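Read the figures in this text as sums done on the coordinates, not as results from a lab. These numbers come from a predicted model, not from an experiment. Glycine gets a Cβ as well: all are built from the backbone with ideal geometry, and neighbour counts include every protein chain shown.
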Amino acid sequence: MTASPLLFDRDLLKVRLDRAAPDYASADFLKRRTAEDVVMRLETILRRFPVAVDLGARNGAFSQALAASDAAANIDVLFQTDLSARMLGAGDGLSVVADEERLPFGDATLDLAVSTLSLHWTNDLVGALIQIRRALRPDGLFIGAIFGGATLTELRQALLQAEDEVSGGASFRVSPFADAIDAAGLLQRAGFALPVADVDRVKVRYGHPIELLRDLRRMGETSVLLDRSRKPMGRRVLARAMEIYVERFAEADGRVPATFEIVAVTGWAPHESQQKPLRPGSAKMRLADALGVQEQSAGEKPG
């Protein structure tokens, strides 16, 4: 097997998260939105999860949303992990400084694992998912959320055009994100059963695109690409990017949108009690009979 290519500088990510920690709560609206969504999903599952973990907990948005929900009664112990110790300092409960690429949990020790808006920074997402699946007991549940491919599309376009105009060439300054269509497939590759994925597309409006950049810094979500340009973005490039952003994307009232695509995924650690797909040819009723239509051959045109 060949190792996955390294895309992200995880040491730099830790530095960025440490820097963001004191002011993170001023820009945690997406974290809270996804945490509340995970809790709503848990409210529909009528079973207990004695030991749970929140991976990439940041300031504890999931534990806070859980505490306000009836689903809290189904969880006895919740561990919160984060790459940044300073981030965890803002949360409550049992905290563990841990890297999502090297989880500290033994095999079959967890009943529930959740992760909201942190796994998109892993160099080997499938590898991280495999570690999560192994840490879950049979029939344990994983619920996650990552940024999808349409995230920050406006900013990406504005920066590429500005750098090309001013510098005669463009470099990637916004990280790539997984396509939503691949999310369930990633879970399947990692060995999860019954994988499901859905998309929440969020449009956040700003008075000026520079406010978006400030929020990304507060979130700790600025680029940590290994292949990023080491040359700081010049004032001319930044100023031109902001102009392009407004010219191309400003709405009727002058405010500018920023798109965030959030891909939510759920999957279960395999267990013999789970529903299995039927074997080909084992159906007890023909599809045509079930639909109440007349069956036709592939080359036959309707009369």
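Listed values for region 205-220 are Karplus-derived 3J(HN,Hα) couplings in whole Hz (6.51 cos²θ - 1.76 cosθ + 1.60, θ = phi - 60°), namely 10, 10, x, 8, x, 5, 5, 4, 4, 5, 5, 4, 5, 5, 6, x, and x replaces Gly and Pro. Summarising the amide proton neighbourhood of Val202: residues at separation of 5 or more, or on other chains, whose placed amide H is nearer than 5 Å comprise Phe260, Glu261, Ile262. Using the Karplus relation 6.51 cos²θ - 1.76 cosθ + 1.60 with θ = phi - 60°, the per-residue 3J(HN,Hα) values for region 243-260 come to 4, 4, 4, 5, 4, 8, 10, 4, 8, 4, 8, x, 7, 10, x, 10, 8, 10 Hz, with x marking Gly and Pro. Separation of region 92-151 from region 242-274 is 21 Å, based on Cα centroids.
Mind checking region 188-260 for GluC sites (Glu not before Pro) that DSSP puts in a loop (not H, G, I, E or B) and that have at most 11 other Cβ atoms within 10 Å?
On the way: sites: Glu211, Glu221, Glu243, Glu247, Glu251; in loops: Glu221, Glu251.
The qualifying sites are Glu251.
When you count the other C-beta atoms within 10 angstrom of each residue and take the mean per peptide, 264-270, 150-156, 63-69 line up highest first as 264-270, 150-156, 63-69.
Between Arg236 and Arg205, what FRET efficiency follows from the Cβ-Cβ distance if R0 is 41 Å, with the result rounded to 0.05?
On the way: r = 27 Å, r/R0 = 0.65.
Plugging the Cβ-Cβ distance into 1/(1 + (r/R0)^6) gives 0.95.
Taking the Cα centre of region 1-136 as origin and assigning +1 to Lys and Arg Cβ atoms and -1 to Asp and Glu Cβ atoms, the resulting dipole is close to 120 debye. Remark: relative contact order (region 8-155) = 24 percent; criterion is Cα-Cα distance under 8 angstrom and separation of 6 or more residues.
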